[in-house]
């Protein structure tokens, strides 16, 4: 239907993060560490770091001493900040929002690697949604930034507005998913 626009962009990244005291400079330096994935089907929190490890010639279970799932990007950030995990991969938008809300996180966690830009996750509906309902929902999303109360609600979650987005921005995601085993993109 539409995609959120954050800071004027409709893209985001996967950040590989480590404790600020870590000497790691990329995911390659995390061999033998405990690594926190966010969710089994998260692009930024599982698929992308799995791709990186596979580019090094390993499966995650061979590369890391242990992997855990936090089931949220916020929890993955906290796992690294508290030392539960030696590294994690998280959604850049969630990371930036978390650090803005709790600046002390920037003293505990650092970014060591960034993915290329990915198209921001859009708002989608079932293909069985009636066309009229789909059009109404799309119009509602696109007009939110024009309403003061809705604009305030969007701002509270870091979204400037919803915009139409070309499906081609997701081609990089499709390409990435196409080069890793199916097990890395399914729960």
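Among the residues making up segment 155-172, those that are in contact (Cβ under 8 Å) with a residue 40 or more places away in the chain and assigned to a helix (DSSP H, G or I) are 169, 170, 172.
What residue, of 175, 135, 150, is out of contact with any helix residue (DSSP H, G or I) (no Cβ under 9 Å at 6 or more places or on another chain), modelled with pLDDT of 95 or more and in a helix (DSSP H, G or I)? Answer to the selection: 135. Filtering segment 50-75 to residues that are within 16 Å of residue 13 (Cβ to Cβ) and under 11 Å from the mean Cα position of the chain (by Cα) leaves only 73. Residues in segment 98-115 that are in contact with a strand residue (DSSP E or B) (Cβ under 9 Å, 6 or more places away or on another chain) and either on the phi > 0 side of the Ramachandran plot or outside any strand (DSSP E or B) (or both): 98, 99, 108, 115.
Here is a yes/no grid of residues against (1) without any contact (Cβ under 8 Å) to a residue 12 or more places away in the chain; (2) closer than 25 Å to residue 107 by Cβ; (3) in a helix (DSSP H, G or I):
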position	(1), (2), (3)
15	no, yes, no
18	no, yes, no
44	no, yes, yes
51	no, no, yes
54	no, no, yes
67	no, no, no
83	no, yes, no
88	no, yes, no
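Of the residues 42, 14, which single one is modelled with pLDDT under 95, surrounded by 20 or more Cβ atoms within 10 Å (Cβ to Cβ), touching a strand residue (DSSP E or B) at 6+ places or on another chain (Cβ under 9 Å) and on the phi < 0 side of the Ramachandran plot? Working first, answer last.
On the way: 14 fails: modelled with pLDDT under 95.
Residue meeting the stated conditions: 42.
Scoring residue 138 on the criteria (1) surrounded by 15 or more Cβ atoms within 10 Å (Cβ to Cβ); (2) over 16 Å from residue 6 (Cα atoms); (3) within 18 Å of the chain's Cα centre (by Cα) leaves a single failure, condition (3).
The values are calculated or read from the model by the stated rules, or taken from the named source; none is laboratory data. All figures in this text were calculated on a predicted structure; none of them were measured in a lab. All Cβ positions, glycine included, derive from the backbone under ideal geometry; neighbour counts span all protein chains shown.
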